[in-house]
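First up is the structure itself, then whatever we jot down about it.
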Amino acid sequence: MNIIKRYLGLLFVKLLTLSIGTGAIHAQSIGEKNVYSPSNKLIVAHQEATGVIKMRMDNMKSIGAEIKKIGAMIRGKRPFDGSQIAAASERIIVYGYKFKKLFPEGTGKDPSQASQKIWTDWGGFTFAMNKMVRAATILAESGRAGNVGQVKGSYRALGKSCGGCHRVYRVKKKRRR
């Protein structure tokens, strides 16, 4: 078990390094702080973030990208492939295991969207993060089994865990007009 945890930790560091590097290159190529592209609905923000705040923002973006891949298969926009769903879910699990370390006390200041409630209700926050990891684990198993019905249910459960955490522990986004 320790070998698996160590391997997942190393994999996480490699993925994190890649995501930070590609995110920085992408942000430089855009050249603006807030860009909205209606074609792909990409919003690039928080380029001024550094350190652990940048790392957790990049992790959230990576989780979102994995969820979108799975969602495209569920909605029939991409062919259903249980092994790809399992792999994407496993990447979400890896990010989830490391997330608690990306919220050291005192990192809830701008440009972070982290609510101060994370640190005042640490037990609730870690419970919410563990709930996401459990939901992603069930989704990975459903994908491996190739059971479309189970995958759809597991996907909804994962979305609910993400939304539940964001409603409580993320500062509300300002609406664009």
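Computed from the coordinates by the stated procedures, all read-outs in this text should not be read as laboratory data. Since the model is a prediction, treat every value here as computed from it, not as a measurement. So basically every Cβ, Gly included, is an ideal-geometry build from the backbone, and we count neighbours across all protein chains shown.
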Just grab the label-to-label distance for R75 and V52, each label 7 Å out from Cα along the Cβ direction, in nm (one decimal). 3.5 nm
With just the Cα atoms of the stretch 49-169, tell me how far they stretch along each of the three principal axes, in Å, largest first. 43, 26, 20
Each label point is 7 Å from the Cα along the Cα-to-Cβ direction; what then is the distance between the points at K117 and Q150, in nm? 3.4 nm
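Would you mind ranking F80, F125 by Cβ crowding within 10 Å, fewest neighbours first? Could the numbers behind the result be given before it?
Values: F80 14, F125 21.
Ordered from fewest to most neighbouring Cβ atoms within 10 Å, F80, F125 come out as F80, F125.
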Obtain the nm distance between the two label points defined at T107 and K173 by a simple spin-label model: each point lies 7 Å from its Cα along the Cα-to-C-beta direction. 2.1 nm
Fewest to most neighbouring Cβ within 10 Å: what's the order for Y155, Y97, Y169? Y97, Y169, Y155
